[in-house]
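Visitor: My structure is below; once you've seen it, I'll send some questions.
The values are calculated or read from the model by the stated rules, or taken from the named source; none is laboratory data. What you are looking at is a predicted structure, and each value in this text was computed from that prediction instead of being measured. As a convention, Cβ positions derive from the backbone with ideal geometry for all residues, glycine included, and neighbour counts pool all protein chains shown. Remember, those area values only see protein heavy atoms, side chains included, never the ligands or the DNA or RNA. Shrake-Rupley method; radii C 1.70, N 1.55, O 1.52, S 1.80 Å.
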Amino acid sequence: MNGVVRQRIATAIALALPLIAIISWSPGWLTAAVFAAFVAIAADEWARLCGVHGPFMRAAYIGLTTGLVAVAYVSRDDSHQVAMVLAAAGIWWLLAAMLLAVVQMREAPLVVPRSVQLVLGLLVLVPAWLALVVLHGLSAWLLLATLVIVWTADIAAFFAGR
């Protein structure tokens with residue numbers, strides 16, 4: 001096993017064990033806060049990927065994203081609102097899959113304005129956070145099982161080279 005793989009395994013264990021403990025034994029608000037911190041980090045990365053390099057604009061995007069997470073947290077007990085947010089996310093993912101299929105058939109790359117990319121980030125990050133919180137509210141074990149499935153697929157993709 002090479003050094004890069006060892007480093008990735010050590011990092012995964014160092015991150016997974018505390019996360020599993022938080023999911024298993026922490027109150028819902030703390031788990032939601034930890035997930036919100038992950039979403040804030042992901043929002044920063046999303047902004048960078050969209051070409052937003054100025055610290056003020058990235059901070060504004062992170063603030064907007066975490067603000068929407070806060071609104072979602074307040075609304076998390078309203079099953080109608082949760083269903084609407086998760087349905088919007090599901091529709092977005094279906095459209096994204098179709099768009100990817102169309103783009104792969106084109107010879108020219110698709111140019112998407114930065115503002116659209118940033119809005120799409122909100123449609124990815126906020127519903128993902130909400131889904132994690134809702135799953136945790138249903139059962140910590142259900143959330144852990146879901147995460148194990150995702151982690152397993154990610155690890156398999158890494159070793160398969162895709």
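Visitor: Can you tell me which residue among Ala89, Ala83, Ala60 is small (Gly, Ala, Ser), under 25 Å from Leu15 (Cβ atoms) and open to solvent by less than 70 Å² (accessible area, probe 1.4 Å)?
Guide: The conditions single out Ala89.
Visitor: Residues of the range 34-57 being free of Cβ contacts under 8 Å to residues at least 24 places away in the same chain and open to solvent by less than 60 Å² (accessible area, probe 1.4 Å), which ones?
Guide: Listed by number, the residues that qualify are Val34, Ala37, Asp44, Gly54.
Visitor: Let me ask you something else. Just to be sure I understand the filter: pairs with C-beta atoms under 9 Å, separated by 6 or more residues or on different chains, first member in the range 129-153 and more than 20 Å from Ala72 (Cβ to Cβ), second member hydroxyl-bearing (Ser, Thr, Tyr) and exposed (fewer than 15 other Cβ atoms within 10 Å of the Cβ). Which pairs pass?
Guide: What qualifies is Trp141/Ser24; Leu144/Ser24; Ala145/Ser139.
Visitor: Looking at Leu64, is it in a helix (DSSP H, G or I) and at pLDDT below 95?
Guide: So Leu64 does not fit the description; no.
Visitor: Any idea how many residues of the range 114-162 are farther than 27 Å from Ala70 by Cβ and loosely packed, with under 10 Cβ neighbours inside 10 Å?
Guide: 4
Visitor: Then there is this: Name the one entry in Ala101, Ala83, Ala72 that is within 18 Å of Leu120 (Cα to Cα), under 18 Å from the mean Cα position of the chain (by Cα) and part of a helix (DSSP H, G or I).
Guide: Details: Ala101 fails: under 18 Å from the mean Cα position of the chain (by Cα); Ala83 fails: within 18 Å of Leu120 (Cα to Cα).
From the options Ala101, Ala83, Ala72, the qualifying one is Ala72.
Visitor: Do we have Ala21 as closer than 27 Å to Ala145 by Cβ, open to solvent by less than 90 Å² (accessible area, probe 1.4 Å), part of a helix (DSSP H, G or I) and modelled with pLDDT under 90 here?
Guide: no
Visitor: Determine which single condition Thr31 fails, assuming it passes every other condition in (1) free of Cβ contacts under 8 Å to residues at least 60 places away in the same chain; (2) of a type in the set (Ser, Thr, Tyr); (3) within 16 Å of Ala128 (Cα to Cα).
Guide: (1)
Visitor: On to the next question. Can you tell me which condition Ala72 does not meet? The list is (1) small (Gly, Ala, Ser); (2) closer than 21 Å to Ser26 by Cβ; (3) free of Cβ contacts under 8 Å to residues at least 24 places away in the same chain, and all the others hold.
Guide: That leaves (3) as the condition not met.
Visitor: Got a number for residues in the range 98-126 being modelled with pLDDT under 85 and among the polar types (S, T, N, Q)?
Guide: The qualifying residues number 1.
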